[in-house]
Structures are given as structure tokens and as C-alpha cells.
RNA sequence: CCGCCCGUAGCUCAGUGGAUCAGAGCGACUGACUUCGGAUCAGUAGGUCGGGGGUUCGAAUCCCUCCGGGCGGGCCA
């Protein structure tokens, strides 16, 4: 629909009915919205009012011209001409109404190709790397990691819906100081010594000790051996396997796991720094090696190698950028907690300094979840062993409810997560409302089959009743919802739409008897419509990674 | 002190490059079919969109300022 309005506008300009825009005027975006009031039609656009100022024309005059152009386009003999009427409404709105035939065609199309319903035209077939979660393997994932996992996976799904090729990547450090620290904690418990002052105190440390193989412990504790390093490396590997299992429970699978140590071992960091040096963005001061980040607007330069020769975390980031691009990705997306926003600029700056397009390196920051219980903030600390694990959360609220919870909220909205409230609300989660509608339709289909009724293969010319038309309109809206979600890289619109469609269906169910042996023809049409609704709900849920049950 | 994010109904949150945006769910209250799934449906109450100022024909939305909350400003990760 947006395209149709856009076409009418450009054609009007081409035919001289409307002036072109001056070069120095920003071209207004064509906005098409769904009016809340059905009296305003199926679509409405305020384009004429937006053009009033640059054109120095009355909005109504522009609207009249656009309206005529739109109507002419609709009557041209093209197979898919969905517009029935176009009205001009003061102060300059265009209210567009769809032809029933277009709704019927949409429904018939769903029945013919259920899997393809809601698939949008690719908005660019780029190869995208999405890195998320990336928690270091010093302990199990806790509920603080949940948001990043869901936000990242949902973004990937939306990108895939838009035709992009997505690689899900997890980055971790299995050789740093915190890993040694974990190793030290495990080793201490194994010896029967007290935990180090800043050691890890969670119950899972004891589990690690119990699982520590004897032969590994013998070689690790031998004279002169790097006990903490060896034990830590082993523990990190084991913890990482647990993390992978937890993520699989969430329905999140990663394509690539990258270790920070590997980036150093394979020389990625060194080569990246050399590249910066070649471009003249590296200098030495106070014994440390610096990146001239200020050349790109940063407020200070950043250390790459400390004066003791050790690389910083930032050094690995730089190497990682080149390593990722070397694999042929067009875009790199990082899903980070908002507490990382300070590092956004320097990484993008370094990418630009190395000759990459800084716009190809994007960071999506999600707000941190604040955990409270009875109004008191609960701290999440792996080291102190005070945390609720992701596995425990899932056992309480369920994967579908948790997914819906995050899919229906913007990534940047701050969330107070009350643990007791979450358990309580999991039973009232709207996801069940949507799933119920799906299961109800499945049940209706079973019932119909028992009565010897089958859905019609098409509904052309048959959507005459008000309940039918209302449901068909709701169903037909789905592709645009997906399009908007893809364009905005957000999923809230999909959850809102699915809820709305479920509501519309329940109303239809109330007003229209679907299974009626006395009227098989009408039943066939209504079954077809119900079937199309079921497909739409299932596809919407699938896009979010949520199950669509046949019964509940 | 500086920078970024946030403040919308009792609660949890949508809407945020203007108009046809004051919304949803939950909670509260009043009702509904002896037939297709009541995890449903119909309805009621509830908000000066944190406060103030500005731009505009029009601001929850853009600008300024104040208040409140979160997070950053390491040769930490």
C-alpha cells in the first residue's frame, strides 16, 4: 500500500500534475497507517499534509490530485489491484478502502501456500553476523543473561524474515584472569582449602570439583604445573557446555563459538594493530600502545597494549572485527547490555580506521533488567554465588511465556523484574491467549472432519458476511506487520498483531457458526477462513520462536 | 562535573522522524450461550503521557530546562 501511494505521487510528478521537490528539501517519507476508526477506511495517509509546506499548496488540493491518481492506478488492468475507493478527508487525509476481492484473494492465497504467508520481499540479501550473550564461562547463565539471549535471537529471526543470511555467534574468553580465578576456586575446594578471598562461591563450583577427573587433577597439581590455569581451562570448557545446553532450552542455537584466546593465537589481533599502525592511528606513550580514537570524535585515545605488554580487551575487539569481516560478512551486529555503551564508539572508530564502513558495525544496546523481590533489589553476582539461573527461570515460567515477555517489549525499555510477579504473571501471559486461539481452531478443524465437512479451497466471492469480512481484513494485514517488524528490527508489532488477530477470531467464533452440517457450503467458507487464521497465527508465533499447539 | 538510556492507567508495557494515538494485557467492577474448547465473549471505572517553557495550524512524539531512576566516563572484564 505504501508502494501504491508512492507510485501515485511519482506518477503525479512525472505527469506534471504535481511539482517535483527542490533538491535542498528533504523528501518526506510516505506514511501509511491503519486507522483506528473503521470509518476512515483500511488505510490512511497524511502525505498531502506533509507536502503542503514544501509545495506551498493547500493540502486538500494535493490530496485530491493524489486521490485521482491512486484511483486511476487501481482501475488499470493489473491482477492485484486491491483499492476499492479513495476518499479525501479534511484537512488532507487520504482514506483508502480495500476491495473485498483483494481480501478474498489473500485468503485463497494462504490456503494454497501456507508456509509462504507472511514472507516478505527480501529487503537486501546481506550476510550478517550477530554476536550475543557472550558471557564468559565462569558460571551458569543467570536471568540477567536472558534478555540478551532473547533480544539477539529475535533480532536474528527478524533479519532472516527480511531475507538476510544470519550467523549467530557467541564470543567468550576461556583463558583470562577470571578463568584462572575460577580454576583457583575449584583447586582450593579439591584440596580442601578455604576458597580464595575473591573466589567463586556458587554451588556449581562444588559440582565442578566433583566432576574433576583424577588424572587431570594429578597433572595439574604436579610440582611446577600451572594448577589454576589448567583447572580453570577445564572448568571453563565444562561450564561452556552447560551454557550451550541452557541456550538450547531457550531455543537459541549458535552457529559459531569464538574464543578470545584463538584470536590472539592466530595473530588476528597483531595483524589488526599493524593495520591501524599502517594507517597512522597508533602511537606509543608511557610505555603503552595507543589507538588514536580521538581522530574519530572519541573524547580520549584508547590503550591497545598496556605498558606491561599485555593486550587490553579492546585489542581483542579490534582483532575480532577483522576476523569477522574476513569471513565475508557485510554487517556485524553486537547485542550488548547498556552498560557497554561506553565501548561502542571506540570499536566503530577502530573499524573505520582499519578501512571498514563504520555503518556496517552496529551495536544494539538493551537495557539492563533490574531484579527485585518484595521491593528489594536483588544483586546478581556470579562470584558471590547470588543469582537465579536461567534454567531455574525457565522451570518457573516456561520458554514460550519468557519469549513472549521479551518479544513484546522494546530492547531499550528498562524493566523491573519482580521474580514473584513473573511467576504469577506467567499464567496470565498473553501468549496463552494467542496459543489458545490457535488450539481452538485446530479443535474446530478436527470437529469439522468428524462431521464430514472440509474447508473450501478458495473463498472468492464468498466473504459476504460481516464477521467473515472483519476476520479476513485482520488476516490480510499480516504481511505488512512482518514488513514493519523487519524494517524496524523490532518484534513488539508482531505480538500486538497476534493478540489482535486472536481477539478478532474469538469474535468471529462468537458471531459465526463454523461447523454446521445443515449448511455445508457456508461451513466450507468459514472453515477456510478459520484455516487461514490458524496459518497466520502459527506463522506469527513461528517468527518469534514460540510454539503453536494443536491443543492445550 | 560530563555523556548515554529511561519516566505513559493501580501493575507490566506498547505508541515516540506531528494530525485519524490516549492504547493493550493484567488487576477491579457489572453482565453472557443447556449446541463448534469459558484459557472465551460484551460492557464499566481508571491517565493534566514526570514538571515547566518553546517551535507549530497541531506535540506523548521535536528543542530547552528542571525533577526522579538506571548506566557509563580504567593501562578492569
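All of the numbers you see were taken from the coordinates with simple rules; none came from a lab. Note that the structure is a prediction, hence the values are computed from the model and not measured. We place every Cβ from the backbone using ideal geometry, glycine too, and count neighbours over all the protein chains shown.
Could you order the peptides A:346-356, A:299-309 from most to least packed, using the average number of other C-beta atoms within 10 Å per residue?
Highest-to-lowest ranking by the protection proxy: A:346-356, A:299-309.
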Fraction in percent of alpha-carbon pairs per bin - 5 Å, region A:86-211: 2, 8, 11, 10, 9, 9, 9, 8, 7, 6, 5, 4, 4, 4, 2, 1, 0
In square nanometres, what is one fourth of the surface area of the convex hull spanned by the alpha carbons of region A:429-544? 7.1
For region A:100-162, rounded, prolate or oblate, judged on the Cα gyration tensor with a ≥ b ≥ c (square roots of eigenvalues), a/c < 1.5 rounded, else prolate if a/b > b/c? prolate
Final fewest-first order of A:257, A:9 on the 10 Å Cβ neighbour count is A:257, A:9
Give the order of A:241, A:483 when sorted by the count of other beta carbons within 10 angstrom, beginning with the fewest. A:241, A:483
Once normalised by the length of chain A, the mean sequence separation of its alpha carbon contacts under 8 Å that are 6 or more apart gives a contact order in percent of 16
By the gyration tensor of its Cα atoms, with a ≥ b ≥ c the square roots of the eigenvalues, what is the shape of region A:261-331: rounded for a/c under 1.5, prolate for a/b over b/c, or oblate? oblate
Relative contact order in percent for region A:227-330 (Cα pairs under 8 Å, 6+ apart) equals 21
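Once you have the Kirkwood Rh of region A:153-291 from its Cα pairs, apply Stokes-Einstein at 25 °C and 0.890 mPa s and quote D in µm²/s.
Answer from the Stokes-Einstein relation: 135 µm²/s.
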Could you work out the helix-only [θ] at 222 nm for chain A, with each DSSP H run of four or more residues adding -39,500 (n - 2.57) and the total divided by the number of residues, to the nearest 500 deg cm²/dmol? -16500 deg cm²/dmol
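What ratio of Cα Rg to 2.2 N^0.38 Å holds for chain A? Show your work: numbers first, answer last.
Numbers: Rg = 29.0 Å, N = 552, 2.2 N^0.38 = 24.2 Å.
Output field value: 1.20.
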Using label points projected 7 Å from each Cα along Cα→Cβ, tell me how many nm separate residue A:58 and residue A:392, to one decimal. 7.0
Show me the ranking of peptides A:195-201, A:500-506 by mean Cβ neighbours inside 10 Å, starting with the highest. A:500-506, A:195-201
Could you put A:531, A:219 in order, starting from the residue whose Cβ has the fewest other Cβ atoms within 10 Å? A:219, A:531
Zone reached by a paramagnetic label modelled 7 Å from residue A:359 Cα along Cα→Cβ, restricted to region A:323-339 with backbone N below 17 Å, covers A:330-333
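Sorted by packing (mean other beta-carbon atoms within 10 Å per residue), highest first, where do A:281-290, A:471-480 land?
Packing order, densest peptide first, comes out as A:471-480, A:281-290.
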Relative contact order %, region A:429-544, counting alpha carbon pairs below 8 Å whose residues are six or more apart: 44
